[in-house]
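Only one structure is covered here, and it is reproduced in the block below.
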Amino acid sequence: MKGSNIGEFEELVLLCIASLGEEAYSVSICDELLRVTGRKSKLGVVHSVLNRLNEKGMVKSHLGEPTQERGGRRKRFFEVTHAGKVALLKVKEQRERLWQSIPPLIFEGIKI
Amino acid sequence: MMTNPPRWADRILEWYCRDEILEDLQGDLHEIFRKNAREKGLFRARLTYIVDVIKFFRFYTIKQFKPDSIMQALILLFSYWKTSLRNITRTKLFSLINLSGLAISMSTGILMIVLLAEIHQFDMMHEKRDRIFRVINTFKNGNDAAEPCASTSPLVAQKLAGLDAVDKVVLMRRNASGDFQFEDKTIPLGGFWASTDFLDVFSFEVLEGDPQTALRDPNTIVLTETTSQKLFGNESALGKSLHGLNDNLYTVTAVVKDPPLYSHLQFDFLASFITFEEARRAQGDESLYDWSNMWMYYTYILLNDAAQKTRVDQFLEKTNQEQNTRYENTSYSASLQALTDIVPGPNLSNQTRTRVNINMIWILLALSVIVVLSACFNYTNLSIARSLGRAREVGIRKVIGASRGQVLTQFVMEAIVFSLFAMILALGLFFLIRPYFLSIGEFDLPVNLDFKIWYLVPVTAFAVMTGFMAGFLPSLVLSKIKAIIALKDVTRIRLFSGINLRMVLMVFQFTIAMAMIIATVISYRQYRFAVNFDLGYDTENVLNIKAQGNDSRKLALEFSRIPGVQAVSRSIMIPSTGDSWGNYAKHVDPADSTIYNYNLVDENYLTLHNFTFLAGSNFKELPDGSVSREIIVNEEMLRRFDLGDPIEAIGKQLTLLDEGAYQITGVVADFQFKTIDSGNRPFVFKQSTEDYAIINLKLRSRDMQQLMGQLQDTWKQIDQVHPFEAEFFDDRIEEAYAEYTSIIKIVGFLSLLSISISILGLLGMTIYLTQSRLREISIRKILGASESSLALQLSRTFLGAIIVSGVIAAGITYYFFEVRFLSNFAHRINIGILDLGSGLIIISLIALCTMGWHLIKVVRANPATILRSE
């Protein structure tokens, strides 16, 4: 199915959105990414990824309530769609299958 | 306290971003900005913000142009067009004022565009022009200023021919002119000696003959179409023989089309260079390839590849150094000049006939820009002043839904429409002023300012740009007007720094006009000064006649017979008009030589012109065939070689280069030999062993015309071929300063323009001001104010502006003339207070008149009628 493959960064973003629940908008997604992966991603990168995901149908967005701190400008909140959840689960399953077929010996004694 | 990101960056974002995303995107960016400002400091935050705004300019964020919106935009534009027209016709007086101002200034703009377009075409017809370079030479002697020349030594050509980078070399000599005879026809022609590759390098269209071989052999000649017609009529010229140029026989090997007007090389014929070379050699003259022999020859080279120019430059540098070691105080430095840089180009000496000084072009350009700006400011001023009147209209438009940008567009469009109308007027004006401009022929500008249809493109672009410039500021002001306030209470509107800006613009206009006036006055005075300058000898009623090859003694004798001819003398050149003949002289020290200027004259010359003798005696009549070893020198020569006072100097000897030793037998007082921008050099008068080229006549007659007629008849008896060529010395001097007349004419013309524009502006402002204060005036009048005090009060602001402009204009022109321009002259006028004040005086007078009659009309009006109709 066209567009059902997602890249690594897209996957991370989707996971962040899912984990943030109600508070998932571009700036908070950036912060969450930083917290979990340690990668400082620019707003522009995240923004365009969100746009791509939107076009692929993996997320949908709605505008929230205006807040004082942004001069009254509303935030755009994202949530993962059904298709997005499916894509995430598929990726997870693929990874797990691959992991299962690797003998544990290879990773013995390695600390991160 | 909330800090905000840079407003201008925000504006850019708002401009390009799609409405759907704008809000949240901008919000996100602001949030990040605040965070950065807290954590990393304001500077980093702003920087990041700006960079982000740029980075977000992407396909998915920018606004989409929907075909509907284009259609809407067009319809809107059309409605603006209609409104503009309506507005223009409604306020006829202001429109007329604005229109005239713009039209006048734009006509100069058009003139410049046409001029530049024509000059750009110079030498464009040569196919290989990107690879053609002329070798120019800079001559420096001792402490004199370096003199760059268009001519160079043939040795350069020889050396360059050996370089790999150089494909072909063309060597030419100038002053190839004389009479040519074929059968019974004798006609004077002017041209060049040119080497073999001339027709290959330059693209002159060959009508007959083989360009490759035409100039290869000695005694061959190439004619232009017109010359061929003159000599041979409709017959083919190929193979025919002509007599000319030192009585040689030349065979015609080719005929080319006349060099077009846009070629810096103009000639009637080209004689093969090798003829000249061989003739020189036959005479035993080996000096042709001397490095210092740089005055008469031109060298052009064709490179294989224009990129190799730097190699040739380096080679020339090396050659300069090698060759100049031979000369002590003097240096000749050759360098390359691109063909396209010749016209227009720097002011070199010894140029071929056509040249356009690039400084002149820059000055003209700057001046026209200033004039156009001046008119734009007029429009701006008047429009801003009238904004109040349009406020209600703006209010309604905004209420209906016009965005600020749309209001802005409307008014800019109005200005552009205006400007386009002005352009039509300006075109008409252009054709009017064109003959006037061309008649400033002292320029020697080889253009005829033909208006080609495609010029309309740059001209229209220019008109649109002018409209935009003029209308932008008022549009900004108008679009800022808040709708509610405009509709509710018009008088409460604050105009954006209205008064100060308008005053500044007005001061600018007046300053320009006054500066022009002052410049004209000073230039004119300097010109009259130059022309009337006491040269140290008499030039009044002296007529100089060219001998043109005839026996000067016979001519002198015949002329002296005519009553009215007081005295006759002969010489080879005419001093104080820009020509100079020079040589080198030594005294006792063989290492110390100086350059001097000279004139070869007969025994009557010095007395005819009333030179002041300080010591010694005049020349005596020289019998045929004998040689005189006597010279008469000026005081400067005495100073140069420390020869003591005039009486002591008599009898001392000087050695003249290539001529031997001469004895000083007379000393004359210093006189002005060159034009008054130069000082004096040592000068030598000598008697000539060959024939003299010029006959000088001192005339005295009540009927000059009859006398001239007699002279002409006498001439015809001796010479039937050549026309009688005579010129009064004083006229010739005026001609020498002709460049200054052209400057005066142009500056004078521009003064008229800028004065008209400023006065138009002043008139408009006055009318407007009085109209808007009608109520105030009438109330004051009723309360008892006198008419004069009212008038004074109304005009106070303008008077202030005029005085400020006067001071600034005086300052600017003083600096320019005192420090830059006049300092180049050895002899010059002193700038007086009256000169500097002339601008102020004239403008004040004109301003008083224009403001005056209008003010009087207003101030006299019956206050009752005004208040009733308000």
Mind scanning B:LYS82/B:LYS480; B:LYS586/B:LYS652; B:LYS546/B:LYS745; A:LYS75/B:LYS35; B:LYS546/B:LYS620 and naming the pairs with a C-alpha gap bigger than 20 Å?
B:LYS82/B:LYS480; B:LYS546/B:LYS745; B:LYS546/B:LYS620
For A:53-64, A:91-102, ranked highest to lowest by mean beta-carbon neighbours within 10 Å, the order is A:53-64, A:91-102
Residues of the stretch A:69-89 losing 30 Å² or more of accessible surface, assembly versus chain alone, probe 1.4 Å, please list them.
A:GLU69, A:ARG70, A:ARG73, A:ARG74, A:ARG76
Please report the Cα spread of the stretch B:757-801 along all three principal axes, rounded to whole Å, starting with the longest.
37, 19, 11
What helices in chain B pass both tests, a Cα length along the helix axis of 30 Å or more and a mean Kyte hydropathy of 1.0 or higher, using whole DSSP H runs?
B:92-120, B:358-385, B:404-438, B:456-479, B:498-532, B:738-772, B:787-814, B:833-860
Carbon and sulfur %, accessible surface of chain B computed with the full protein complex present, 1.4 Å:
57 percent
Please list, in chain and number order, the residues 5+ apart from B:THR152 or on another chain whose amide H is under 5 Å from its amide H, with Hs placed from the backbone.
B:TYR297, B:TYR298, B:THR299
Using just the helices of chain B, give the 222 nm mean residue ellipticity in deg cm²/dmol: DSSP H runs with n ≥ 4 each add -39,500 (n - 2.57), and the total is spread over all residues, rounded to 500.
-17000 deg cm²/dmol
Please report the relative contact order for chain B, taking Cα pairs under 8 Å with a sequence separation of at least 6, and give it as a percent rounded to a whole number.
13 percent
Is the stretch B:708-839 rounded, prolate or oblate when judged by the Cα gyration tensor, a ≥ b ≥ c being the square roots of its eigenvalues, rounded requiring a/c under 1.5 and prolate requiring a/b larger than b/c?
prolate
Could you pull out every residue, at least 5 positions away or on a different chain, whose amide H is within less than 5 Å of the one on B:GLY178? Hs are placed 1.01 Å off N in the peptide plane, and Pro or chain starts have none.
B:LEU189
Hey, got the average number of other protein chain Cβ atoms within 10 angstrom for residues in A:51-57?
1
Determine the per residue accessible area of the protein assembly as shown with all protein chains present and a 1.4 angstrom probe, expressed in square angstrom.
50 Å²
Counting only DSSP beta bridges with both residues in the protein assembly as shown, what percent are antiparallel, rounded to the nearest 5?
80 percent
Rounded, prolate or oblate: which fits the stretch B:299-430 when a ≥ b ≥ c are the square roots of the eigenvalues of the alpha-carbon gyration tensor, with rounded for a/c under 1.5 and prolate only if a/b beats b/c?
prolate
How would you order B:185-196, B:782-793, B:230-241 from highest to lowest mean count of nearby Cβ atoms within 10 Å?
B:185-196, B:230-241, B:782-793
Gyration tensor over alpha-carbon atoms, the stretch B:29-182, equivalent ellipsoid semi-axes in Å
60, 37, 21
Shielding of A:25-37 by other chains, given as the mean Cβ count within 10 Å, works out to 2
Is the shape of the stretch B:193-314 best called rounded, prolate or oblate, per the rule: a/c under 1.5 gives rounded, else a/b larger than b/c gives prolate, else oblate, with a ≥ b ≥ c the square roots of the Cα gyration tensor eigenvalues?
oblate
Report the A-B buried area as the accessible area lost on both sides summed, probe 1.4 Å, in Å² to the nearest 100.
1700 Å²
Average projected area [Cα convex hull, chain B], square nanometres:
53.0 nm²
Percent of all Cα-Cα pairs per 20 Å bin for the protein assembly as shown, counting from 0 up to the last occupied bin, reads 10, 26, 27, 21, 12, 3, 0
Could you run the Karplus curve 6.51 cos²θ - 1.76 cosθ + 1.60 with θ = phi - 60° over the stretch A:81-87 and give me ³J(HN,Hα) per residue in whole Hz, x for Gly and Pro?
7, 4, 4, x, 4, 4, 4
Can you tell me the order of B:121-132, B:170-181, B:359-370 when each peptide is scored by its average per-residue count of other Cβ atoms within 10 angstrom, highest first?
B:170-181, B:121-132, B:359-370
Percent accessible area from carbon and sulfur atoms, the stretch A:59-110, protein chains only, probe 1.4 Å:
58 percent
Checking the cross-link filter: which lysines have an alpha carbon closer than 18 Å to that of B:LYS857, excluding same-chain neighbours under 8 positions apart?
B:LYS781
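The values are calculated or read from the model by the stated rules, or taken from the named source; none is laboratory data. Just so it is clear, the model here is predicted, and its values are computed rather than measured. Please note: Cβ atoms are built from the backbone with ideal geometry, for glycine as well, and neighbour counts cover all protein chains shown. The protein model used for the area step is the full one, side chains on, heavy atoms only, and it has no ligands, DNA or RNA in it. Shrake-Rupley method; radii C 1.70, N 1.55, O 1.52, S 1.80 Å.
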